[in-house]
1. Working with all protein chains in place, sort His205, His213 by solvent-accessible area computed with a 1.4 Å probe, largest first.
2. Calculate one ³J(HN,Hα) per residue across region 216-233 by plugging θ = phi - 60° into the Karplus curve 6.51 cos²θ - 1.76 cosθ + 1.60, and present them in order as whole Hz with x for glycine and proline.
3. Val234's amide H: which non-local residues (gap 5+, or another chain) put their own amide H closer than 5 Å, with H modeled 1.01 Å from N in plane and none for Pro or chain starts?
4. I'd like to check one number: the per residue accessible area of region 170-257, probe 1.4 Å, reported in Å² as a whole number.
5. Just to confirm a number: summing +1 for Lys and Arg and -1 for Asp and Glu over residues other than Lys208 whose beta-carbon lies under 11 angstrom from that of Lys208, what do you get?
6. With the cut-off at 20 Å, tell me which of the pairs Lys208/Lys247; Lys156/Lys182; Lys156/Lys208; Lys182/Lys239; Lys56/Lys239; Lys156/Lys247 have Cα atoms farther apart than that.
7. Which of the three applies to region 43-166, rounded, prolate or oblate, going by the alpha-carbon gyration tensor with a ≥ b ≥ c and a/c under 1.5 meaning rounded?
8. Counting only other residues whose beta carbon sits under 10 Å from that of Asp89, what net charge do I get with K and R as +1, D and E as -1?
Amino acid sequence: MEDVDFEEEEEEEGNEEGWVLEPQEGVVGSMEGPDDSEVTFALHSASVFCVSLDPKTNTLAVTGGEDDKAFVWRLSDGELLFECAGHKDSVTCAGFSHDSTLVATGDMSGLLKVWQVDTKEEVWSFEAGDLEWMEWHPRAPVLLAGTADGNTWMWKVPNGDCKTFQGPNCPATCGRVLPDGKRAVVGYEDGTIRIWDLKQGSPIHVLKGTEGHQGPLTCVATNQDGSLILTGSVDCQAKLVSATTGKVIFMVRSSAQDAPGSGWLPGWDVGHL
């Protein structure tokens, strides 16, 4: 991975138990309403778990689903361009590279595949551990993914050069490459947050204990220039972190007294730290 130029060109889950849901007051409960969509992608035979648009032209979409299938579509008329074949479990991650020349799909078992969009040919595949998330680098043909064994993987595509970032002994539940392309933030099931140096393969900052979360992280995001990182967790807290210092500078926490099912939206406690 030493020759990767990170400065390259800039650019509802289903009702599994079969419960019968009672209509709620003030809610229009019919799923049989008029179809106002302009285009429908209709080849999946089970729930669709992921969808992504190509960032370069905004003319293509990729979808993945519970039927172990992934498809690339043309947005203008919904025509199927090709199937990303060969997956053996539900496809939960899918996305285009920064220049839209490559499309990657990943299933729950950890099988990742990459296709060349113009030729519709598979150019790379890899079997990692059980997949938690997947994301393309914003400036280079580099793919990152987090797995249930706590590792974050980084591959140069299509030659397959690989680097791993070892986290705690628990799933790496979410991740995001920062806009500068040099760092990535990864959240873990134990509530820790790590900001990684992608070149060196070492953590720049580690937030844990009271600085981290008290439950698994579910999402991370950054602002446009990558100076701030927002994290969310099942502990009902969102934290705003400085990407430079690794310090929590702001926190939003749901009020404990707002019990689920109370019939009104929870309140939030907001504090500067």
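The values are calculated or read from the model by the stated rules, or taken from the named source; none is laboratory data. The model shown is predicted, which means the values in this text are computed figures rather than measured ones. Note that each Cβ is placed from the backbone with ideal geometry, even for glycine, and that neighbours are counted across all protein chains shown. The accessibility values were calculated without ligands, DNA or RNA, using every heavy atom of the protein model including side chains. Shrake-Rupley method; radii C 1.70, N 1.55, O 1.52, S 1.80 Å.
1. Most to least solvent-accessible, the answer reads His205, His213.
2. These are the phi-based 3J(HN,Hα) values: x, 6, 10, 7, 9, 8, 10, 7, 5, 9, x, 7, 10, 10, 10, 10, x, 8 Hz.
3. Excluding prolines and chain starts, which carry no amide H, the hits are Thr218.
4. 43
5. My count for the surroundings of Lys208 gives -1.
6. Result: Lys156/Lys208; Lys182/Lys239; Lys56/Lys239; Lys156/Lys247 exceed 20 Å.
7. On the way: a/c = 1.91, a/b = 1.27, b/c = 1.50.
Here region 43-166 falls in the oblate category.
8. Numbers: positive: Lys88; negative: Glu66, Asp68, Asp107, Asp130.
Charge balance near Asp89 sits at -3.
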